[in-house]
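Chemist: For reference, the structure I am asking about is given below.
The values are calculated or read from the model by the stated rules, or taken from the named source; none is laboratory data. The structure presented is a predicted model; accordingly, all values stated were derived computationally and were not measured. Please note: Cβ atoms are built from the backbone with ideal geometry, for glycine as well, and neighbour counts cover all protein chains shown.
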Amino acid sequence: MPAQDKPGNSGKQVGYFCHLKLDERHMGAILVTNEIGVPLEFKYTEPVTATKLHKILYGSVLEKHLHETVIRDRLCREIRSDPDFFITSYDEKEFLGSVSNREMVAVQKYSLPPGDLSGPFSRIREREAIVELEDEAVFLRLAFSTPNEAIQQKIAAWLQEIARTMDILEPLNRIVSALTSMCGEGKRG
């Protein structure tokens, strides 16, 4: 097999964004891998803790501000890689936006009774769908940062392609482990 045809050599990059809240500390990270999951770039924030004054001034929008402006926007300015899209945990679907002008998709594994899909891409709501990964008979529930159906279809096809060469959810676990580890190390110092 020629070198350019081997998995990991096509230049395809997969972006991941993770936000983690431990106690009152917020952290975030971006991991970019190649299509087999080898890390190409990793950027993270130090833990951020809102003060009592922040809590009063920001009120109910504090979480959104910390998540999107303080963490995600800062990481966007630092990232040098250029993945087509960014994957995040489905739990983060309320915070979807763009990362370095790339759309985000929130993903989780999904159990679906056979026969409930109308094809490999089934819309649930305007910004949500179920997609079937071809080789594994695994279903993913997706929440999109965009209502544009053509872009949603492109993201779903991109995920199906990546799933042929890697477990697309596993790098999110790596990020959580890394952030948790770094947060624990900070306590000792």
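Chemist: If you take the residues in the stretch 38-71 that are touching a Ser or Thr at 6+ places or on another chain (Cβ under 9 Å) and assigned to a helix (DSSP H, G or I), which one is surrounded by the most Cβ atoms within 10 Å (Cβ to Cβ)? Before the answer, list the steps.
Modeler: Step one: list which residues in the stretch 38-71 are touching a Ser or Thr at 6+ places or on another chain (Cβ under 9 Å), which gives 39-41, 70-71.
Then keep just the ones that are assigned to a helix (DSSP H, G or I); that gives 70-71.
Numbers: V70: 16, I71: 24.
Checked the stretch 38-71; the qualifying residue surrounded by the most Cβ atoms within 10 Å (Cβ to Cβ) is I71.
Chemist: Go through (1) part of a helix (DSSP H, G or I); (2) touching a Ser or Thr at 6+ places or on another chain (Cβ under 8 Å) one by one and return the number of the condition M166 breaks.
Modeler: With respect to (1) part of a helix (DSSP H, G or I); (2) touching a Ser or Thr at 6+ places or on another chain (Cβ under 8 Å), M166 is out only on (1).
Chemist: Could you check how many residues of the stretch 164-189 are among the small types (G, A, S) and either in contact with a Pro (Cβ under 8 Å, 6 or more places away or on another chain) or modelled with pLDDT of 90 or more (or both)? Quick ask: steps written out before the conclusion?
Modeler: Within the stretch 164-189, the subset among the small types (G, A, S) is 177-178, 181, 184, 186, 189.
Checking which are either in contact with a Pro (Cβ under 8 Å, 6 or more places away or on another chain) or modelled with pLDDT of 90 or more (or both) leaves us with 177-178, 186.
So the count comes out to 3.
Quick grid of which residues meet (1) under 25 Å from N34 (Cβ atoms); (2) modelled with pLDDT under 85; (3) out of contact with any Cys (no Cβ under 9 Å at 6 or more places or on another chain):
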position	(1), (2), (3)
P114	no, yes, yes
I130	no, no, yes
E134	yes, yes, yes
V138	yes, yes, yes
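Chemist: Moving on. Are any of the residues in the stretch 16-37 in a helix (DSSP H, G or I) and among the charged types (D, E, K, R)?
Modeler: Initial filter on the stretch 16-37 (in a helix (DSSP H, G or I)): none.
Within the stretch 16-37, none of the residues are in a helix (DSSP H, G or I) and among the charged types (D, E, K, R).
Chemist: Moving to a separate point now. Among the residues of the stretch 72-85, which ones are assigned to a helix (DSSP H, G or I) and either touching a helix residue (DSSP H, G or I) at 6+ places or on another chain (Cβ under 6 Å) or of a type in the set (D, E, K, R) (or both)? Give the derivation first.
Modeler: Of all residues in the stretch 72-85, those assigned to a helix (DSSP H, G or I) come to 72-78.
Selection gives R72, D73, R74, R77, E78.
Chemist: On to the next question. Is it fair to say Y58 is under 30 Å from Q160 (Cα atoms) and hydroxyl-bearing (S, T, Y)? Don't jump to the end; show me each part of the working.
Modeler: Working: under 30 Å from Q160 (Cα atoms): no; hydroxyl-bearing (S, T, Y): yes.
For Y58, the condition - under 30 Å from Q160 (Cα atoms) and hydroxyl-bearing (S, T, Y) - is not met.
Chemist: Can I ask one more? Please go through the stretch 30-82 and pick out each residue that is touching an Asp or Glu at 6+ places or on another chain (Cβ under 7 Å) and charged (D, E, K, R).
Modeler: Of everything in the stretch 30-82, those that are touching an Asp or Glu at 6+ places or on another chain (Cβ under 7 Å) and charged (D, E, K, R) turn out to be K43, R80.
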